[in-house]
Amino acid sequence: MNFNTHRFSLFLIAMLLVFASTKSHAQKVGLVLSGGAASGVAHIGVLKALEENNIPIDYITGTSMGAMIGSLYAMGFSPAQIEELVKTESFRNWSEGIIDEKYAYYFKRDDHNASWVTFKISDSSLTSILPTNIISPIAMDFGSMELAGGPAAAAKYNFDSLFVPFRCVASDIELKQSVIFREGDLAEAVRASMSYPFYIKPIMVNGKLLYDGGLYNNFPSNIMYEEFYPDFMIGSNVSGNNPPPDEDNLLSQLRSMLQSKSNYSILCEAGIIIEPQTDVGLFNFSNVQPIIDSGYAAAMRNIEFIKQNTERRTTKEELAIKRAAFKGLEPKIVFDNIYIEGLNNKQAVYAKKILRHKSKTVPLEDIKEGYFRLASDNKIKHIYPKAKYNPATGYYDLYLRIKKERNLITYFGGNFSNKPISGGYLGLQYNYMGRFAASTMANAYFGKLYSSIQLRSRFDFPFKTPIYIEPNITWNKWDYFKSSSEFIQDAKPAYLIQSEEYAQLNIGFPTGKKGRMVASGGIARTTDRYYQTAAFTQNDTSDRTDFDVASAQVYYEINSLNRKQYANQGEYVKIKIQYVNGLETNTPGSTTVLDTLPFYTNYHEWVTLKILGERYFNRRGRLKVGICGEGVYSTQTLFNNYTSSILAAPAFQPTADSRTVFKENYRAHQYLSGGIKFVVNIRKNIELRAEGYIFQPYESMIKRNDLKVDYSKPFAFQHYIATGYAVWHTPVGPMSLGVNYYDQVKDPFSILFHFGYIIFNKRALE
């Protein structure tokens, strides 16, 4: 071989090496995942199709839901594992802002009231603060830390060292620009990228308040190109730019003001955009399988083109080995130090006592219970957790960024109805948090049917077994109308008025996560004014019964119902025993036929046992079935006349309408009752409900000719209640229209429309 031939051979070899190197380099594949809320679940199907066909994924960039799905893949989760995750109850709870029943902490809940909206007053400026989010991110934030804590530590908080190098973007609305995350806390980065305005609360990162990355860059193909420079880019896009704003559509105007147009194109020389066809509500994660399938189908339609442009393949075995190797680097999440930011020293002591961090090290699952206990405290406005691995100790440090609730809070609400039961609600609450927590609240109801004023305080002490002490003073008045419930028409004069004033002291402590035990005692005066005959004039005076009473009670309560009215998930149980001792004073009116004495007195003493329960089944189905039951056994004695005895007796009031009317047939000293409820979800917040109840008193109270009262024979009567209605759960309260049936001779059917909550302060002997 001569010299020239030798030189030519070397040149060919060099060219082959360069060509081989170029081909090898050309196999680097980048995957870009767009935002798109629930539609972004389609990215899982795209990942499935790519892995099934051994297409390598060397880099991932994503925005919003694309950031979440992409980050899970970058953490080492397989498409099948991601698919399984988004189908779980936990994931759907995150998307709806619901805390899992397992961690819901009932002990910290306040009593229900009729409020629609809450305004929190700034200490310095007395400026009303409107809510910045629809759903609570508490469960999502902890779940994200739980998922990403280990992989982030394994990558030493460098996103290039994850199972797949990863980038995501958020939006800095102050500077009007995107923020690229390359390192740091992975859960925090993804959370910032997903903070959709007005739906999920924005998050503070390095002193900047960050929102959803889709505001300025909903398809970060430019980030992929500039950060990783792949030779082939695959885009999965389930979104698009908004249409021009509509002059009659406020939402479209807000979107146009907030969101810039994104470039939905591939920037490198070789690439493809996969566009799954989805038809799903923005935040509807109720049925994700069709969304995933749409992504898979769209990817498979383009798989041959992708194969032709990516010669390198990654087998399932290679991926499994790589995943196992990466997962093997993850330190187990066990905490040894807790750092609290945003609270002063005394407040931090209170928070740590609620967490109950006593031992030197605490596993994640143990701290989880304390986290949700703390998050449920109404003195805490917001809590955000971060887990950071400390190589020196081999454990994680837990950083809790806590924002205390504002000290002064106002509540507005009530109920608007076609019947004369409409009313308003106002509340004012002042909060204190130091080594213990306290709140003082005043509220007022005002309307034709019901009026009330209440002042109460609650002092929470974070002992090993937490307790609260709650004194309250309440005045209640119910004014029942005799006839018309026509819309707007004035009602006729009242035939029955009940009023009461009481002072009470409650002491409670938790029993598990969903229960509490409460002991209380108090004094009260109840006053009933009534006519015992329908023949009265405005010049007549009513009969009056006063009852001066002292009472004590103990009750055990479990509550995991999902709504304060018209629940369709969870359960409620209450077991109560009560002792009552009081003096009845009856003053006859001008129409009485009993006697002519100026008044009648009698002492009463009794014990009441009450058990009631409610439970719903088929939590995630379209049809939900609920059952309920109530039983009362009381040694209560009869009052002077029939009406006063009926008024003082325990009442069965299972429906919203039954709590607004006086029904003699559903009151007795001993009774059993039961009911069944059928709830059909038409849409997410619209449902049809049908309910039926049976009321079985042991001995009904019957009126004698002289208006005195006697007992009937045992089990002589049964009574029924049925109702059917449609309910729309609006953001501020329920709107309901329905028909009610009571088994009475006259007017058994009635129609009730109402908007708001039919909820009252507790009665003196409730």
Does Lys379 satisfy being open to solvent by less than 20 Å² (accessible area, probe 1.4 Å) and among the basic types (Lys, Arg)? yes
Within the range 726-737, the residues that are open to solvent by less than 30 Å² (accessible area, probe 1.4 Å), modelled with pLDDT of 95 or more and small (Gly, Ala, Ser) are Ser736
Over the range 301-319, the set of residues assigned to a helix (DSSP H, G or I), touching a residue at least 40 places away in the same chain (Cβ under 8 Å) and surrounded by 12 or more Cβ atoms within 10 Å (Cβ to Cβ) is Ile303, Ile306, Lys307, Asn309, Leu319
message: With the structure loaded, tell me whether Val732 is in contact (Cβ under 8 Å) with a residue 24 or more places away in the chain and assigned to a loop (DSSP other than H, G, I, E, B) or whether it fails that test.
response: yes
Of (1) in contact with a strand residue (DSSP E or B) (Cβ under 8 Å, 6 or more places away or on another chain); (2) open to solvent by 40 Å² or more (accessible area, probe 1.4 Å); (3) under 25 Å from Tyr530 (Cα atoms); (4) modelled with pLDDT under 95, Asp747 fails just (1)
Gly66 passes all but one of the listed conditions (1) assigned to a helix (DSSP H, G or I); (2) out of contact with any His (no Cβ under 9 Å at 6 or more places or on another chain); the exception is number (2)
In the set Tyr600, Tyr616, the lone residue that is within 23 Å of Ser736 (Cβ to Cβ) and in contact with a strand residue (DSSP E or B) (Cβ under 8 Å, 6 or more places away or on another chain) is Tyr616
Flagged in the range 676-687 as in a strand (DSSP E or B), out of contact with any Asp or Glu (no Cβ under 6 Å at 6 or more places or on another chain) and either polar (S, T, N, Q) or open to solvent by less than 20 Å² (accessible area, probe 1.4 Å) (or both), in numbering order, are Glu687
Note: among Ile759, Ile694, just one is among the hydrophobic types (A, V, I, L, M, F, W, C) and assigned to a loop (DSSP other than H, G, I, E, B), namely Ile759
Every listed condition ((1) surrounded by 14 or more Cβ atoms within 10 Å (Cβ to Cβ); (2) within 21 Å of the chain's Cα centre (by Cα)) holds for Thr723 save (2)
The residue that is farthest from the chain's Cα centre (by Cα), considering only those in the range 327-372 that are in a helix (DSSP H, G or I) and of a type in the set (Phe, Trp, Tyr), is Tyr350
Quick count over the range 434-462, residues being out of contact with any Ser or Thr (no Cβ under 9 Å at 6 or more places or on another chain) and closer than 16 Å to Ala351 by Cβ, is 6
A careful count of residues in the range 76-102 that are open to solvent by less than 20 Å² (accessible area, probe 1.4 Å) and in contact with a Phe, Trp or Tyr (Cβ under 6 Å, 6 or more places away or on another chain) gives 2
Condition set farther than 15 Å from Ile203 by Cβ and not hydroxyl-bearing (Ser, Thr, Tyr), scope the range 168-186, selection least open to solvent (accessible area, probe 1.4 Å): answer is Ile180
Within the range 339-352, the count of residues that are closer than 26 Å to Lys514 by Cβ and out of contact with any Phe, Trp or Tyr (no Cβ under 8 Å at 6 or more places or on another chain) comes to 2
Among (1) open to solvent by 40 Å² or more (accessible area, probe 1.4 Å); (2) modelled with pLDDT under 90, Ile200 falls short only on (1)
The number of residues in the range 374-395 that are within 21 Å of Tyr106 (Cβ to Cβ) and either of a type in the set (A, V, I, L, M) or touching a strand residue (DSSP E or B) at 6+ places or on another chain (Cβ under 9 Å) (or both) is 9
Here the qualifying pairs (Cβ atoms under 6 Å; residues six or more apart or on different chains; first in the range 339-363 and surrounded by fewer than 17 Cβ atoms within 10 Å (Cβ to Cβ); second among the aliphatic types (A, V, I, L, M)) come out as Thr361/Val334; Pro363/Val334
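Only one residue in Thr655, Thr643 is under 29 Å from the mean Cα position of the chain (by Cα), buried (at least 20 other Cβ atoms within 10 Å of the Cβ), under 22 Å from Arg763 (Cα atoms) and among the polar types (S, T, N, Q). Which one?
Within the list Thr655, Thr643, the selection yields Thr655.
The values are calculated or read from the model by the stated rules, or taken from the named source; none is laboratory data. All figures in this text were calculated on a predicted structure; none of them were measured in a lab. Because the Cβ atoms are built from the backbone with ideal geometry, glycine has one as well, and the counts that use them run over all protein chains shown. For the accessible areas, the whole protein counts, side chains as well, though only heavy atoms, and no ligand, DNA or RNA atoms are used. Shrake-Rupley method; radii C 1.70, N 1.55, O 1.52, S 1.80 Å.
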